[in-house]
Amino acid sequence: MAASDSPDPLKLLPDAIHQAVKPGAALLRLETTQSRQGLLDGAWWPRSRDVRIELPALITALTAHLGPITRVGLDASAWRDVPTRLVIDGQVVHLDADPVGDDTVLVTRGHNDHFALLVVPPDTTADAAREAMARAVRADNITQATQILIATTAEA
């Protein structure tokens with residue numbers, strides 16, 4: 001990664017925020033272009049593997065930026081007690097336990113508009129999480145989520 005590709009340190013959250021954020025708060029980063037040509041549309045760093053605690057904040061944040069979310073696809077083996085649906089902010093969100101891998105969450109808006117988010121494991125260091133999230137949201141990203149996590153974990 002070239003020095004010019006590094007995020008501006010003044011725009012990063014301080015490390016202390018990552019220790020202060022409790023389960024149920026959404027740490028989310030979305031791609032800011034309309035092109036959606038990269039493999040991933042954003043990144044999410046949940047603080048635990050409890051989907052009932054973590055998912056509502058993510059859905060609330062995504063709804064504010066994307067509109068109503070109707071479905072979420074995730075790997076049930078990576079999360080505790082995955083229900084088939086949750087009511088979040090008065091809306092029913094269906095959960096599909098598909099073998100998508102625990103490194104992505106597939107979010108559906110409307111009937112057929114999908115967004116793929118990198119899922120940074122909860123126990124990831126702040127530096128590695130920031131790097132993984134920054135790589136995931138690059139408009140020209142062609143790297144699979146698993147490879148981003150491997151590369152950023154190895155560098156941390």
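Some notes on this structure:
- Of the residues A132, A128, A151, the single one that is in contact (Cβ under 8 Å) with a residue 60 or more places away in the chain, open to solvent by less than 40 Å² (accessible area, probe 1.4 Å) and outside any loop (DSSP other than H, G, I, E, B) is A132.
- Here A25 meets each of (1) modelled with pLDDT of 60 or more; (2) open to solvent by 50 Å² or more (accessible area, probe 1.4 Å) with one exception, condition (2).
- Each residue in the range 135-148 was checked for being of a type outside the set (S, T, N, Q) and not in a helix (DSSP H, G or I), and 5 pass.
- Residue list for the range 98-121, filter: open to solvent by 40 Å² or more (accessible area, probe 1.4 Å), in contact with a helix residue (DSSP H, G or I) (Cβ under 8 Å, 6 or more places away or on another chain) and in a strand (DSSP E or B): R109
- Check on D75, closer than 19 Å to L27 by Cβ, modelled with pLDDT under 90 and under 14 Å from the mean Cα position of the chain (by Cα): no
- Lone qualifier among L95, L86 - being part of a strand (DSSP E or B), of a type in the set (A, V, I, L, M), more than 13 Å from W44 (Cα to Cα) and more than 16 Å from the chain's Cα centre (by Cα): L86
- Taken over the range 39-83, the criterion of being open to solvent by 70 Å² or more (accessible area, probe 1.4 Å), touching a residue at least 12 places away in the same chain (Cβ under 8 Å) and of a type outside the set (D, E, K, R) is satisfied by L39, I53, H65, P68, S77.
The values are calculated or read from the model by the stated rules, or taken from the named source; none is laboratory data. This structure is a prediction, so every number in the text was calculated from the model and none was measured. We place every Cβ from the backbone using ideal geometry, glycine too, and count neighbours over all the protein chains shown. Please note that ligands, DNA and RNA were not included when accessible areas were found on the heavy atoms of the full protein model with its side chains. Shrake-Rupley method; radii C 1.70, N 1.55, O 1.52, S 1.80 Å.
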